[in-house]
Amino acid sequence: MKITLFMLLLLSVLLTSQQPAEKPTYSPTGNEARLVGTIMLKGTPPKNKFIDMTADPSCPDIDHKPQTESVISNQGRLANVFVYVKAGDNLDAYRFAVPESDVILNQRACYFEPHVLGLQVGQNLRILNSDPTFHNVHPTPKSNPEWNQTQVADAPPLVKTFRRAEVMIPIKCNQHPWMKAYVGVLNHPFFAVSDKLGRFEIRGLPPGTYKLAVWHELFGFQEIDVTLVTGESRNADFTFDLDNPGQTVN
Ligand SMILES: [Cu+2]
């Protein structure tokens with residue numbers, strides 16, 4: 001009996017001593033910096049493909065010519081690029097509060113909306129079905145648990161969280177093979193998705209040096225180093241040059 005208690009005590013001391021020190025939660029000081037930029041596309045991208053939705057007659061939207069969304073560009077500016085801070089001393093030093101707001105992933109006319117999105121570890125992803133048909137939502141992560149779940153018409157939202165940072169997690173629908181979305185999960189709020197004019201903005205960065213990375217589903221990854229001083233608003237543009245692909249590794 002005495003030995004058992006002693007062993008338990010020893011074990012608890014060992015376990016406690018091996019806990020990593022808790023990082024402080026970052027609280028804004030008013031000195032934060034901002035990153036803005038444009039994602040450019042040089043060269044002729046592959047054409048998006050026609051989607052045959054006849055297998056599910058409830059899918060096609062009469063105002064929408066169904067096409068894949070792999071390349072959405074406008075006058076050499078590229079949308080749906082995930083832009084994120086990949087590394088930096090401040091990211092190692094602090095925890096960043098998880099927003100209480102949910103991130104929405106809708107399913108409408110048998111597309112995921114938006115096509116590319118980001119959220120923080122532990123933040124709610126609220127998945128809606130706005131269609132008169134059923135979907136089967138199926139993320140295929142590498143570092144997080146995989147799941148798939150049917151969502152019938154008028155079903156309540158699925159609310160999910162991710163436990164670990166991972167860029168990017170593909171999401172598919174087992175019912176409609178053309179449906180694709182990509183989710184970037186991070187331990188901090190410093191990410192954005194380029195809009196239809198290729199623009200992005202990341203606010204609230206503590207001054208410091210960072211690795212800023214971008215990802216596109218066909219054109220891969222690029223990254224640069226940026227040093228931000230107090231209150232700075234810095235421009236950081238990227239170009240995916242299809243004739244000279246450059247970096248494609250994460
Ligand atoms: Cu579906």
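Quick note: the coordinates plus some simple rules give every number you see, no bench work behind them. Just so it is clear, the model here is predicted, and its values are computed rather than measured. Because the Cβ atoms are built from the backbone with ideal geometry, glycine has one as well, and the counts that use them run over all protein chains shown.
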Query raised in the report: Hey, what's the Kirkwood Rh for region 156-236 if you take every pair of different alpha carbons, in angstrom?
Result: 15.3 Å
Query raised in the report: By count of other Cβ within 10 Å, fewest leading, how are Y210, Y26, Y182 ordered?
Result: Y26, Y182, Y210
**Report entry** Neighbour count of at most 11 Cβ within 10 Å plus DSSP loop: longest GluC sites (Glu not before Pro)-free window in the chain
**Finding:** 147-250
Query - Distant alpha-carbon pairs in region 122-206 (separation over 21 angstrom), percent - result: 40 percent
Query raised in the report: If pairing requires two Cys Cβ atoms under 4.7 Å apart, which cysteines of the chain are left without a partner?
Result: C173
Requested in this report: Would you mind telling me which residue in C110, C173, C59 has the biggest mean-square fluctuation in a Gaussian network model of the chain, where springs connect alpha carbons within a distance under 10 angstrom?
Outcome: C59
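Taking R0 as 41 Å, what's the FRET efficiency between D61 and R95 from their Cβ-Cβ distance, rounded to 0.05?
0.45
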Query raised in the report: Count of lysine pairs in the chain with Cα atoms under 20 Å apart, counting only pairs 8 or more residues apart in sequence or on different chains?
Result: 20
Query raised in the report: GNM, the chain, Cα, under 10 Å: largest mean-square fluctuation among P132, P114, P206?
Result: P132
Requested in this report: Output the relative contact order of region 29-241, whole-number percent, from Cα pairs under 8 angstrom with separation of 6+ residues.
Outcome: 33 percent
Report task. In Å and from the alpha-carbon atoms only, list the Rg and Dmax of the chain. Result -> 21.6, 77
Report summary line: With T = 25 °C, eta = 0.890 mPa s and Kirkwood Rh from C-alpha pairs, the Stokes-Einstein D of region 25-133 in µm²/s is about 139 µm²/s
Report task. With everything on Cα atoms, drop me the angle between helix 2-17 and the longest principal axis of the chain, reported from 0 to 90° to the nearest 10. Result -> 50 degrees
Query raised in the report: Residues with amide H under 5 Å of F162's amide H, sequence separation 5 or more or different chain, H placed in the peptide plane at 1.01 Å from N; which?
Result: G122, Q123
